[in-house]
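Where a number appears in this text, it was derived from the coordinates with a stated rule and is not lab data. All values reported here derive from a predicted model rather than from experimental measurement. Here the Cβ positions follow ideal geometry from the backbone for every residue, glycine too, while neighbour counts run over all protein chains shown.
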Amino acid sequence: MAISKYYSLFLMLLFSSLILSANAQNVDIKTVFADAEKQTEVMLREIPTAKHGKAELVSPRSLDANGQLVLTPSFRWTSGFFPGVLWYLYKYTGNKKWAEQATIYTANLQREKYNGGTHDMGFKMYCSYGNGYLLTKDSAYKNTLLQAAKTLATRFNYTVGTFRSWDTMPKFSFPVIIDNMLNLELMFEATKLSGDSTYYKMAVSHANTTIKNHFRKDFSSYHVVDYDSTKPNSIIKKVTHQGYADESAWARGQAWAIYGFTMCYRETKDPKYLKQAENVAGYILNNPTMPEDLVPYWDFNAPNIPNEPRDASAAACMASGLYELSTYSRNGKIYKKAADKMIESLTNNYRSPIGESRGFILLHSTGAKPNNSEVDAPLPYADYYYLEALLRAKMIKEGKKLF
Ligand code: GLY
């Protein structure tokens with residue numbers, strides 16, 4: 001008990017000094033949103049050409065090696081982020097033209113509400129239809145969200161106590177990835193919209209099982225836990241898929257953990273979720289490989305740091321999660337300062353020049369380094385969480401409720 005008390009104090013002092021020496025400056029949120037609007041106008045002009053006549057390609061995915069825009073079909077996990085960017089531009093500006101575009105790009109995902117072949121339902125449908133519903137209260141959006149949650153519920157396994165992540169990898173039996181935490185927000189929302197507590201209970205069970213099995217003693221998260229779904233409490237292996245090594249801390253995985261457990265605390269008020277988010281935040285903010293600008297390398301244990309790619313998407317998601325965490329935690333000031341520094345760094349040093357990069361907002365993210373896929377690239381989830389973090393910074397500044 002005493003050791004853990006001193007350890008917490010030590011961590012707090014360490015990351016206070018790290019953050020307080022960061023000399024964060026204010027980001028001019030109005031200008032950044034005006035720039036984001038200009039970039040998104042570029043993106044909207046680029047998309048029709050990048051389709052090359054393929055109607056199934058609906059949302060931006062990244063740029064290829066020649067700098068050409070690559071699009072994704074709706075069934076892939078990143079299809080909801082661009083509709084989400086459009087909803088966030090509408091939320092900030094109130095300009096109807098963004099709501100009109102958001103409506104169009106959201107509608108492209110309609111069929112996904114029946115797609116039970118993936119756990120990424122929350123990423124796809126909550127960023128698009130979820131934001132659309134929160135902003136418009138359109139009952140058709142509500143019905144789509146409820147069907148999406150019903151479909152995702154088919155992936156819940158009562159023996160394991162979690163949703164299953166991937167189906168298509170023969171090397172895994174019943175894989176659960178830390179990313180899956182983000183899909184729980186859809187389930188919490190479904191209970192609020194329907195009054196059916198089944199979704200809430202599934203989300204809580206998934207979060208509890210993840211706390212039990214996904215974390216190391218230092219509170220870093222494994223990427224994948226592979227379960228034997230024929231018996232309770234049976235783990236086959238703990239490994240990575242997108243990180244450097246099985247025992248390493250993949251940066252975006254840590255971001256998913258901070259964001260996911262903070263969101264679970266918001267939805268349940270169970271203090272163990274708050275503690276988990278704080279513990280993972282402590283791990284990243286005290287990590288000796290975290291750079292001074294607080295935009296992490298793609299993996300905290302990547303072998304050639306400092307000569308490794310950064311992951312702006314991880315920083316954007318961490319910043320958004322830390323802003324929310326700052327509103328619940330007694331260490332709130334520290335988390336807010338860290339998020340401010342991340343946003344300042346992303347704004348000053350990771351944004352695309354206006355008019356370039358086919359309209360992406362941020363550069364220098366890493367998708368999947370082990371596959372040499374989307375390394376040092378723009379990614380739509382970086383842009384989405386960056387705008388979300390800015391919106392959260394604005395709400396905190398104005399003393400308004402985030403949700
Ligand atoms: N959810 C997949 C990723 O973070 O790359």
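Under a GNM of the chain (C-alpha, springs under 10 Å), which listed residue has the highest mean-square fluctuation: SER229, SER59, SER197?
Checking each option, the largest mean-square fluctuation is seen for SER197.
Placing +1 at every Lys and Arg Cβ and -1 at every Asp and Glu Cβ, with all other atoms neutral, what dipole size does the range 253-403 have around its Cα centre, in debye to the nearest 20? Walk me through the numbers on the way to the answer.
On the way: 18 positive and 17 negative charges, 154 e Å.
So the magnitude is around 740 debye.
Would you mind pulling out the separation of the Cα centroids of the range 101-122 and the range 332-369, in Å?
With the range 101-122 and the range 332-369 each reduced to a Cα centre, they are spaced 26 Å.
Would you mind computing Rg(Cα) / (2.2 N^0.38 Å) for the range 150-294, counting N as its residues?
Numbers: Rg = 15.1 Å, N = 145, 2.2 N^0.38 = 14.6 Å.
Compactness ratio reported: 1.03.
Quick one: dipole size for the chain, taken about the Cα centre, charges +1 on Lys/Arg Cβ and -1 on Asp/Glu Cβ, in debye to the nearest 20. Mind showing how you got there, number by number?
On the way: 47 positive and 38 negative charges, 228 e Å.
In total the dipole reaches around 1100 debye.
Once you sort the root eigenvalues of the Cα gyration tensor of the range 271-346 as a ≥ b ≥ c, which label holds: rounded (a/c under 1.5), prolate (a/b larger than b/c) or oblate (the other case)? List each step's numbers first, then the result.
On the way: a/c = 2.35, a/b = 1.65, b/c = 1.42.
It is prolate, given that a/c is not under 1.5 and a/b is the larger ratio.
Using the count of nearby Cβ atoms within 10 Å as a rough guide to exposure, how do ARG252, ARG330, ARG310, ARG155 rank from fewest to most? Walk me through the intermediate numbers first.
Numbers: ARG252 29, ARG330 9, ARG310 23, ARG155 19.
Neighbour counts put them in this order, fewest first: ARG330, ARG155, ARG310, ARG252.
Give the whole-number value, in cubic angstrom per residue, of the convex hull volume spanned by the C-alpha atoms of the range 60-143. Intermediate values should be presented prior to the final figure.
Details: hull volume 7.9 nm³, N = 84.
Spread over its residues, the Cα hull of the range 60-143 gives 94 Å³ apiece.
Of the listed peptides 379-387, 186-194, what is their order by residue-averaged count of other C-beta atoms within 10 Å, with the highest listed first?
Details: 379-387: 28.3, 186-194: 20.3.
Answer by packing, highest mean first, reads 379-387, 186-194.
Anything over 23 Å Cα to Cα? Flag those among LYS124/LYS231; LYS150/LYS212; LYS337/LYS400; LYS238/LYS269, in the order listed. Before the final figure, lay out each step's value.
On the way: LYS124/LYS231 31 Å; LYS150/LYS212 26 Å; LYS337/LYS400 18 Å; LYS238/LYS269 29 Å.
In this structure, LYS124/LYS231; LYS150/LYS212; LYS238/LYS269 lie more than 23 Å apart at Cα.
Please compute one quarter of the surface area of the Cα convex hull for the chain and express it in square nanometres.
Values: hull surface 75.0 nm².
The Cα convex hull of the chain, projected and averaged over all directions, gives 18.7 nm².
Please work out whether the range 219-289 counts as rounded, prolate or oblate from its C-alpha gyration tensor, where a ≥ b ≥ c are the square roots of the eigenvalues and a/c under 1.5 means rounded, while otherwise a/b larger than b/c means prolate and anything else oblate?
oblate
Using 7 Å Cα-to-Cβ label points, what is the ASN26/THR268 separation (nm, one decimal)?
3.8
Among VAL70, VAL280, VAL160, which comes first, then next, by fewest other beta-carbon atoms within 10 Å? Can you show the working numbers first?
Details: VAL70 14, VAL280 30, VAL160 24.
Least to most surrounded, the residues fall as VAL70, VAL160, VAL280.
Using the count of nearby Cβ atoms within 10 Å as a rough guide to exposure, how do TRP166, TRP298 rank from fewest to most?
Numbers: TRP166 18, TRP298 26.
Least crowded to most crowded, the residues run TRP166, TRP298.
Determine the principal axes of the Cα atoms in the range 25-176, then give the extent along each, sorted from largest to smallest and rounded to whole angstroms.
Its Cα atoms span 50, 40, 40 Å along the three principal axes.
Quick one: work out Rg over Rh on the C-alpha atoms of the range 304-397, Rh as Kirkwood radius. Working shown, then result.
Details: Rg = 13.8 Å, Rh = 13.7 Å.
Dividing the radius of gyration by the Kirkwood radius yields 1.01.
If each DSSP helix of 4+ residues adds -39,500 (n - 2.57) and the sum is divided by the residues in the chain, what number results at 222 nm, nearest 500 deg cm²/dmol? The partial results should precede the final answer.
Values: 13 runs with 198 residues, N = 403.
Only helices count here, giving -16000 deg cm²/dmol.
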